[in-house]
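Take a look at the structure set out below.
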Amino acid sequence: MTHTSVAIIGAGPAGLTLAHLLHRQGVESVVFESRSRREVEETVRAGVLEQGTMRLMRETGIGERMDREADIDDAIDISINGRRTRIDLLGLTGHHMAVYPQHEYLRDFIAQRIEDGGELLFDTTVDEVTGYDGDEVTITYTAENGMQETITADYIVAGDGSSSPHRAPILELEGSERTKFEYPYAWFGILVNAPQTQKELIYATHPEGFALISTRSRSVQRYYLQCNPNDQVEDWSDERIWGQLHARVDGEGLTVSEGEIFDRSVLRFRSAVTDPMQRGRLFLAGDAAHTVPPTGAKGLNLAVADVSVLAPGLVRAIKTGNDDLLRNYSALAVPRVWRAQHFSYWMSAMLHSVPEQGHFQHRRRLAELEAMLATEAGRRYQAQQYVGFDLPTFDL
Ligand code: PHB
């Protein structure tokens, strides 16, 4: 039987960022991923990096391709019925943001992990985790070749997404809770072979609903339309998609660029927060602990924030035996999760139309949006939340 310092379940933003941060401090880990490398590297997800995430990539030697290939923007636009207001992120906060799709982020971390000689096991399913209440964790897993194997670890971190089975033992603890919220709307997302509609993102609201103009490259665009949570991909013909994008976004000389649609999906809007995020030697990070709706694209950035606390906590505990920081992981991570929930909810609520809420709520919602846009203080608040707050740092 072999042993590692930290076993990490999931090669997503939480798991791979954690493995990288640990490696830089000389702490060894094994990453288990049930999907293939190809699936991880190709799954379409959101794509905004907060300034802190960009800085972490640069400072840990992994930001070179991001700096070269990402769409780095100084601003976003918010559009009401085709009239756009610019939020000058750089002027208001001193920071940029990057449109860099999650799978590109993961590709960089996978490449670095392999270059560093770190263990990263694809097509490998974790079957059982025991011992987290004691002195050592035991992990039973089925390897790529179908053989069942066992490994022990000092700590285990579950970064295996919103349906993680490793949340259950934490929710058995007295006083633990998982708070959930469902939204009355969803997004229909498409990838399109088309030139950029404009370089910077447009968040648009219109009586027909919300739309988002984002980008993947000069020739591939990412567009989203508010839809019904029960909609199926088949409910949206090309004609309906383009009709709705033009109706919701076009104006002041701007027209949404059209092209061949090569990917279509419906994204559910959910919020969930698990508190605490730990039990004994078991820790949750990223979506395994919490889910945010996609507005504002905080999901990846929150996973990075989690492991910015967890990595130094683990390093300290493993190297010096001092587990103060590790024991405070939830207390340090959960407040940021709630702030991100608030921001994602607030932006979603201001921009999506919910006809069932009636005319009063419709007008009140637009007044809230206009009041925010009308003052520099309002735009700065929006901009600060959007580019994100600095990641926590700790002396080791
Ligand atoms: C995306 O490009 O996928 C994206 C951008 C901004 C968001 C959400 C998603 O708020």
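The values are calculated or read from the model by the stated rules, or taken from the named source; none is laboratory data. On a predicted model such as this, the values are computed, not experimentally measured, just so you know. Please note: Cβ atoms are built from the backbone with ideal geometry, for glycine as well, and neighbour counts cover all protein chains shown.
Candidates are the residues of the stretch 138-164 that are surrounded by 13 or more Cβ atoms within 10 Å (Cβ to Cβ) and free of Cβ contacts under 8 Å to residues at least 24 places away in the same chain; the one that is farthest from Thr17 (Cα to Cα) is Glu149.
The residue that is farthest from the chain's Cα centre (by Cα), counting only those in the stretch 73-103 that are part of a helix (DSSP H, G or I) and not aliphatic (A, V, I, L, M), is Gly91.
When the stretch 213-240 is filtered for residues that are charged (D, E, K, R) and either within 11 Å of the ligand (Cβ to nearest atom) or in a helix (DSSP H, G or I) (or both), the ones remaining, listed by number, are Arg216, Arg222, Glu234, Asp235, Asp238, Glu239, Arg240.
Among all residues of the stretch 12-24, there is none that is of a type outside the set (Phe, Trp, Tyr), in contact with a Lys or Arg (Cβ under 8 Å, 6 or more places away or on another chain), part of a loop (DSSP other than H, G, I, E, B) and in contact (Cβ under 8 Å) with a residue 40 or more places away in the chain. Residues in the stretch 265-284 include at least one that is within 16 Å of the ligand (Cβ to nearest atom), crowded, with 18+ Cβ neighbours inside 10 Å and at negative phi. Within the stretch 12-45, if we keep just the residues that are within 16 Å of the ligand (Cβ to nearest atom) and surrounded by fewer than 22 Cβ atoms within 10 Å (Cβ to Cβ), the residue that is modelled with the lowest pLDDT turns out to be Val44.
Of all the residues in the stretch 63-110, those that are among the acidic types (Asp, Glu) and under 19 Å from Leu212 (Cα atoms) number 5.
Among residues of the stretch 106-134 being in contact (Cβ under 8 Å) with a residue 40 or more places away in the chain and among the acidic types (Asp, Glu), the one that is surrounded by the most Cβ atoms within 10 Å (Cβ to Cβ) is Asp108. Residue pairs whose Cβ atoms lie under 7 Å apart, separated by 6 or more positions or on different chains, with the first residue in the stretch 285-311 and near the ligand (Cβ under 9 Å from one of its atoms) and the second in a strand (DSSP E or B), are Pro294/Trp187; Pro294/Leu267; Ala297/Val48.
Of the residues contained in the stretch 381-390, one or more are found to be in contact with a His (Cβ under 6 Å, 6 or more places away or on another chain), within 16 Å of the ligand (Cβ to nearest atom) and either within 24 Å of Glu50 (Cβ to Cβ) or touching a residue at least 60 places away in the same chain (Cβ under 8 Å) (or both). The residue list Val304, Val337, Val309, Val315 contains one member that is in contact with a strand residue (DSSP E or B) (Cβ under 7 Å, 6 or more places away or on another chain) and assigned to a helix (DSSP H, G or I), which is Val337. Residue count for the stretch 33-62 satisfying the condition of being assigned to a loop (DSSP other than H, G, I, E, B) and either in contact with a helix residue (DSSP H, G or I) (Cβ under 9 Å, 6 or more places away or on another chain) or not hydroxyl-bearing (Ser, Thr, Tyr) (or both): 11. Would you confirm, using the coordinates I've provided, whether Asp231 is within 29 Å of His359 (Cβ to Cβ) and free of Cβ contacts under 8 Å to residues at least 40 places away in the same chain? Taking the combined requirement at face value, the residue does not satisfy it. Return yes or no: is Gly243 away from the ligand (no atom under 16 Å from the Cβ), surrounded by fewer than 22 Cβ atoms within 10 Å (Cβ to Cβ), of a type outside the set (A, V, I, L, M) and in contact (Cβ under 8 Å) with a residue 24 or more places away in the chain? No, not satisfied.
Screening Thr205, Thr255, Thr215, Thr197 for residues that are of a type in the set (S, T, N, Q) and surrounded by fewer than 13 Cβ atoms within 10 Å (Cβ to Cβ) leaves exactly one candidate, Thr255. Among the residues of the stretch 87-109, those identified as within 13 Å of the ligand (Cβ to nearest atom), out of contact with any Ser or Thr (no Cβ under 7 Å at 6 or more places or on another chain) and closer than 25 Å to Glu41 by Cβ are Met97, Ala98, Tyr100, Pro101, Gln102, Glu104, Tyr105. Scanning the stretch 335-368 for residues that are surrounded by fewer than 20 Cβ atoms within 10 Å (Cβ to Cβ) and among the aromatic types (Phe, Trp, Tyr) turns up Trp338, Tyr345, Trp346, Phe360.
Considering every residue within the stretch 71-78, establish whether at least one is over 26 Å from Gln198 (Cβ atoms) and either surrounded by fewer than 22 Cβ atoms within 10 Å (Cβ to Cβ) or free of Cβ contacts under 8 Å to residues at least 60 places away in the same chain (or both). No, because not a single residue in the stretch 71-78 is over 26 Å from Gln198 (Cβ atoms) and either surrounded by fewer than 22 Cβ atoms within 10 Å (Cβ to Cβ) or free of Cβ contacts under 8 Å to residues at least 60 places away in the same chain (or both).
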